[in-house]
Each structure stands twice: as structure tokens, then as C-alpha cells.
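Below: one structure, written as C-alpha cells.
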Number of protein chains: 2
Amino acid sequence: MNDSGGNAERKRPRRPSQERTSQRDPERTRAAILEAATREFAENGMGGARVDAIAERAGTNKRMLYHYFGDKEQLYLKVLEEAYVGIRTAERALHIGDHSPEEGIGELALFTWRYFLQHPEFLSLLGTENLHRARWLRQSIRLKELHSHLIGELSEVLEQGKKQGVFIETADPLQVYLTIASLGYFYLSNQYTLSTIFGRDLIEPAHLNAWERHIVHVTLASIKR
Amino acid sequence: MNDSGGNAERKRPRRPSQERTSQRDPERTRAAILEAATREFAENGMGGARVDAIAERAGTNKRMLYHYFGDKEQLYLKVLEEAYVGIRTAERALHIGDHSPEEGIGELALFTWRYFLQHPEFLSLLGTENLHRARWLRQSIRLKELHSHLIGELSEVLEQGKKQGVFIETADPLQVYLTIASLGYFYLSNQYTLSTIFGRDLIEPAHLNAWERHIVHVTLASIKR
DNA sequence: CAAGCCGGTAACTAAACAGTTACTTGATGG
DNA sequence: CCATCAAGTAACTGTTTAGTTACCGGCTTG
């Protein structure tokens, strides 16, 4: 408890300032708070998340959190925005138009499923935000156009498939994306209640692989002529 | 504030006891608390729900809530259990085996979608429970066998369809149900973020009807030979 | 008819919480 | 070398919260 006595580590030897091992590092502190907040909000929701817990997880204190992010709500919005930027950025690297229409849709389905699988915190944040009827997301300005790229590219692939006669004429880009997202989101985000009530462990690798194949199968079956 | 003076309503005239307009009505108070709790938990989640708010919504006070349900967590579990009993009971009245296999699956898809649409609080409670990894549902004993009936009946319909050669041999009852539930759940529970980021109001009747048809189409397309 | 129980009220308590304030430490530049 | 400012700490504050206690009043039953 009492280490106010001559502790050698208290006053650290001077370091050349270009080194970043210093305790004073605004960038790192900011990033640590953001990452800690992502986990805390994902695990406990907006109502359950604790500001003290975030500060402790980040290895800092509340003062810094309020200094960098204003208040709990602004921090939460930042976390949500970054989560969306994450998936949309990864999506852009796909270039689904480079393959045949069928392969392109399959690629998008696989990518979405695997991204959801590897980023449970993203699903959780979506759930929290929807519980509150997109109260905070609605306030975000910079996010509006982030998503149009996805629909645009998907639309092109569908059009090409229709021209080639492999897709039905009624296939709609938003409906196709919602179908893919539905099948991945529900399976993963509701795995706990589903595993409990149906007595089957959905997160088991064999079941995960089966569902991955199922998503691709269902998506293509719904738009193929 | 001060109504300790001679308020005529304070001491009410005696009523015959068979009448149920009395202020003393354990059944009604219990039911009112349960309904108020359902709304409060659905709107705010476990972490955001307030015990005071539930008591106020029920037109009673906290003392009664703790008297009838023990504590906040037990009340929440009761709410969740009742929600599951609600959908499974309604499902049993369907008798999907009475139609042709194709019609039976279509009926189940329609029923599920419409039930989700009419019971947003059920979807919300599922979301909350999954955020907490089914922490409370796991403790519920009476719920284990409630769901087996659904899978059993669905399994029979699929088998019949396979015999008749209209369904593919790989069709699995749990996968079919998860497909139906996924498409309904995601669309409705995530409508707020989706409407925001894609700029299309998903709750509009025309879009709802289109998605209803889409669910039936996708479900059947995924299992038809 | 009185004793006691059950449905009900309201004020209280201890802990937890978001947000603030007063202060310390260290780097930088004149 | 000292003035200044940014990074960081820790203790504090007012409010909210789940849960409790002390009490009220009317119905039932011996």
C-alpha cells in the first residue's frame, strides 16, 4: 500500500523522447480506452457498461476517458462508428465483381459469415444499438455514405447475373444482403439461447461449418433461376 | 402532498367481496407486475431496466414486486419463461402436419414471421438474454422440453416431403427452423440500424409484405428438390 | 369480536454510479 | 532554468439504484 518511500521505479531515468515506451502517450491511451470500451459495451450493453470498468480495463482512469471522449454516450458512439468502419473497410477489399456472379455472391456470403464469427463484439454492439432504436447511430453524420458502396457493388453483380440468365429477375440487392446477414447474425448472436433450448451446441466446429455451407446454399438457391 | 385530511376516497365504502373491483387483488397485482416488467425489460434490457419503473408501470410499488417475485433477476427469468411459453403455445395450435409438406413449411414460416412482428418484446428479450449468454435461461428447468414438440412436428413434415420427393434428402429440421427464425428475427430486431444505414424504412407495410413473401420463398427454395 | 394474516404504502439505507475537481508529473520552448 | 501546458492521478460529490423496514387497514376465522 505505502510505496511513497524511496521506490527506485517511481522516478524513472530520462529517456530520449523519440522512444514510445514512456508512460505519457496520448495515442496509446486513447486507443486503449477505445478498445476497452468496445469490450465493455459489447459485454454489458449501454445500460450495463461501467465507466469505471472501462478505465480500469484500459489501464488508466476516468479523468482521461472524459478528457478524450467527452462522456459515456460519445464514447459509445465512437465505438459503434469504429465497428462499422471495420466491417465496411474489410468488405471493400473483397471485390466481388472480379468473379462470376454466382461466385461473387458466394464470396460475399462467406466473408460476412466469417467476419461475424471473428467479431462477436460487432454483433453485440448492433444488438445494443437496436435495443435503443438506433438512438446514437442516428446522430452519426459520417456514417451515411459508408454503406452505399456495398449495395452498389452487390447491385452490379446481380445485374450481371441477370444478363447471363443465372439469376432471377426479381433479385434485389438489399434483400440479398439482408438474407446473408440474417442467417449469420441470428445463428451467432442467439447461439446461447438456441443451444440451451434445443440442446445442441451450435458453436461446435462441425455445426459451424455446416451452417457456413448452409448460408451459401440458401443465398444462392433463393436467387438462382 | 398532504392528503391526510378528510379525503372522502381514503376510506372507501364496503363492497361485497365477490366483486373484483377491490384494490386488493393479488392475481391482478401479480399479472400487472409481470406485464409491466415485460415491457420494461424489453425496452431497456436487464442492465437498463429499473425496478422502480416496473412498480410504477404496474400501478403498485416495489414491496409487492419483491413479495411476489423475490428479486429483479427472478422476475426477469419469469418474464422470459412466459415469453417462450407464449410462442410455443401458439405454435402448437398450428398443426403444420395437416397440410401438404410444402404448405406446412410455408405455414410455419408465415406464423413465425407474424408472431415476431406482433411481439417485438419477445425479440428484445431474446436479444437481452443472449447478451448475457443465456445466464438466466440456463437456470430454468421447466423450459427444456417445451421446445422439443416443434422440432418433432417439423421433422415429420420434412420426412413426408422427402418420401414424396418434393424435398431434398439433406433437409434438417433444426436448420430449417433456424433459417425461418433468422430471416424474421434479423429483419425486425435490427430494423433501426438497418433503416438508418441503408436509408430505407424497413417497417413500411409494402416492405414488410415483400419480406414476408421473401421468407417463404427462401425457406422453400432452400429445401425443394 | 378480536387476533392475526395478507395485500398494500411510503420512507429509508447502503452501495454503485457518472461525472468533477484539485492536484501532480513531466516534456518543451524561450 | 523557469514558465507553461498537456498527460495523468486520486479523492470527492450528488444522484440513482436495488433492496429493506416500519407501518397501515381490511378481510377471514375461531
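The values are calculated or read from the model by the stated rules, or taken from the named source; none is laboratory data. Not measured: the values here are computed from a predicted model. Here the Cβ positions follow ideal geometry from the backbone for every residue, glycine too, while neighbour counts run over all protein chains shown. Quick note on the areas: whole protein, heavy atoms, side chains included, nothing else; ligands and nucleic acids left out. Shrake-Rupley method; radii C 1.70, N 1.55, O 1.52, S 1.80 Å.
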I'd like to check something: does segment A:54-65 contain any residue that is on the phi > 0 side of the Ramachandran plot, within 16 Å of DNA strand D (Cβ to nearest atom) and either surrounded by 15 or more Cβ atoms within 10 Å (Cβ to Cβ) or aromatic (Phe, Trp, Tyr) (or both)? no
Test: residue in segment B:131-140 that is surrounded by fewer than 17 Cβ atoms within 10 Å (Cβ to Cβ), more than 12 Å from the chain's Cα centre (by Cα) and in contact (Cβ under 8 Å) with a residue 24 or more places away in the chain: yes
Any idea how many residues of segment A:70-85 are within 16 Å of DNA strand D (Cβ to nearest atom) and crowded, with 20+ Cβ neighbours inside 10 Å? 1
Test residue B:222 against the stated conditions and say whether it is surrounded by 15 or more Cβ atoms within 10 Å (Cβ to Cβ) and over 30 Å from residue A:199 (Cα atoms). no
Just to be sure before I move on: is residue B:106 within 16 Å of DNA strand C (Cβ to nearest atom), touching a residue at least 60 places away in the same chain (Cβ under 8 Å) and open to solvent by less than 20 Å² (accessible area, probe 1.4 Å) in the structure I sent? no
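Please verify whether segment A:49-69 includes one or more residues that are among the hydroxyl-bearing types (Ser, Thr, Tyr), within 13 Å of DNA strand C (Cβ to nearest atom) and at pLDDT below 90.
Looking through segment A:49-69, at least one residue is among the hydroxyl-bearing types (Ser, Thr, Tyr), within 13 Å of DNA strand C (Cβ to nearest atom) and at pLDDT below 90.
Kindly indicate the residue of segment B:36-45 that is within 17 Å of residue B:66 (Cβ to Cβ) and within 16 Å of DNA strand C (Cβ to nearest atom) and also surrounded by the fewest Cβ atoms within 10 Å (Cβ to Cβ) among those meeting that condition.
Looking at residues that are within 17 Å of residue B:66 (Cβ to Cβ) and within 16 Å of DNA strand C (Cβ to nearest atom), I get B:36.
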Hey, residue A:33 at pLDDT below 95 and surrounded by 14 or more Cβ atoms within 10 Å (Cβ to Cβ) or not: yes
Name the residues in segment A:194-209 that are closer than 20 Å to residue A:181 by Cα, surrounded by 15 or more Cβ atoms within 10 Å (Cβ to Cβ) and among the aliphatic types (A, V, I, L, M), would you? A:194, A:202, A:208
Apart from one, (1) within 13 Å of DNA strand D (Cβ to nearest atom); (2) closer than 21 Å to residue A:182 by Cα all hold for residue A:96; the odd one out is (1)
Leading residue by the ranking (most open to solvent (accessible area, probe 1.4 Å)) among those in segment A:141-186 that are modelled with pLDDT of 95 or more and among the basic types (Lys, Arg): A:163
Among the numbered criteria (1) free of Cβ contacts under 8 Å to residues at least 12 places away in the same chain; (2) in a helix (DSSP H, G or I), which single criterion is violated by residue B:215? (1)
Expected output for segment A:56-74 (first residue small (Gly, Ala, Ser), partner crowded, with 16+ Cβ neighbours inside 10 Å, Cβ below 7 Å, 6+ apart or cross-chain) is A:58/A:32; A:58/A:33; A:58/A:36; A:59/A:32
